[in-house]
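The values are calculated or read from the model by the stated rules, or taken from the named source; none is laboratory data. All values derive from a computational prediction rather than experimental measurement. Cβ placement follows ideal geometry from the backbone for every residue including glycine, while neighbour counts extend to all protein chains displayed. These accessible areas exclude ligands, DNA and RNA; they are computed on the full protein's heavy atoms, side chains included. Shrake-Rupley method; radii C 1.70, N 1.55, O 1.52, S 1.80 Å.
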Amino acid sequence: MFRRPGPVGPDQIRTCQSHWQQDGVRVGTGQAPVPALLCRDEQVFGFLKNLLGGRTQPQGGLPPPGVHGVDELARRLGMSATELRGVAVAYHAFEIPKRSGGRRRILAPSAPLKALQRRVLHRLLRRLRAHPSATGFERRHSIATNALPHTGQAVVVRLDLKEFFQSTSAARVEAYFRTIGWDAQAARLLTELCTYEGSLPQGAPTSPRLSNLVNHRLDARLAALAEARGMAYSRYADDITFSGGDDAGTGAVSRPRVAGRINELIYATKRIAKEEGYTLHIAKKLRIARRHDRQMVTGLVVNVKPNLPREVRRRLRAIEHRLRTGRQATLTPQQLAGWRSLQKMITAQAANADQ
């Protein structure tokens, strides 16, 4: 068995289907050891990389960087290179209240820029592959499919990334565009069109999809972290969820040992997030729920099956009754129909998962 000595850096974790093993690595003075993950396939990758003088195929079988230029970019977007370079980068900033309190800054692109960003989204980004654990903003995924892997588990651990879009830097976006085959000029132009003030603008059509594509390595590392512990992992935008059975922390295992395992998981997640450019919201957003608690994932209860919370279902029934009897209600018939469609989708996707 090969073993890489020393701490594992962000470039040393790669997706591996088998043979994951653990190695103790300290994340700082006074902190408990946190497992870092290695796989045998990585040793083969490193050997081939050295053999070929550092030239390897980028992740996912993508073409090497620097293949396509601005002219090819303009052609794919259905416009000339002059038109492409002539689109001004302009945003309108405003704030909206957060459900948890405080204000959220939204950057709305100008109409011409928004139209171009939608072209970039549909013609360049849509067919690119994000990590399977990234469920937010992805086709055929929803809050229900994000919650499904965590149904009926002994423990559910929820974490949150601070300032998710603002922390996804323009430098990482440009590096991603280079990785998938655009040369320096094309990658820089795409980055200028899709970022603002050095990060992904929350409000641009391209930001949600890019946030998943850029974070493929983050998801791969956290999925490997979960797999090594026999747990499930998913990420919906800035919401990170781990869950597992008795081996993850209940059953015959003592409570001190359970707490130690969960702490190791949290420390490892914190370290990986930091290496990928993010900070965990430990103080306010950390939630650990066991079987006897109400386990919530992206707004759904997952103790038995994904479903809306009981108080929400009761409120919807009461509103439906008031509307049916001609009385005033806090929701319009159209709003109630939207809630019913959401509930129907959750039920259908949960049933499909059981088949």
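Observations, loosely collected:
- Formal net charge of residues neighbouring residue 81 (Cβ-Cβ distance under 10 Å; K, R +1; D, E -1): -1
- Excluding same-chain neighbours fewer than eight residues apart, the lysines reachable from residue 274 by a Cα-Cα span under 20 Å are 162, 284, 285.
- For residue 236, the solvent-accessible surface computed with a 1.4 Å probe is close to 50 Å², ligands and nucleic acids excluded.
- Shape category assigned to the range 80-159 from the gyration tensor of Cα positions, a/c cut at 1.5: oblate
- Full extension of the chain segment joining residue 95 with residue 335 gains 84.0 nm, where the gain is 0.36 nm per residue of separation less the Cα-Cα distance.
- Listed by chain and number, the lysines whose alpha-carbon sits under 19 Å from that of residue 344, ignoring those within fewer than 8 places in the same chain, are 305.
- A simple count of charges around residue 281, restricted to other residues whose Cβ falls under 12 Å of its Cβ and scoring Lys, Arg +1 and Asp, Glu -1, yields +2.
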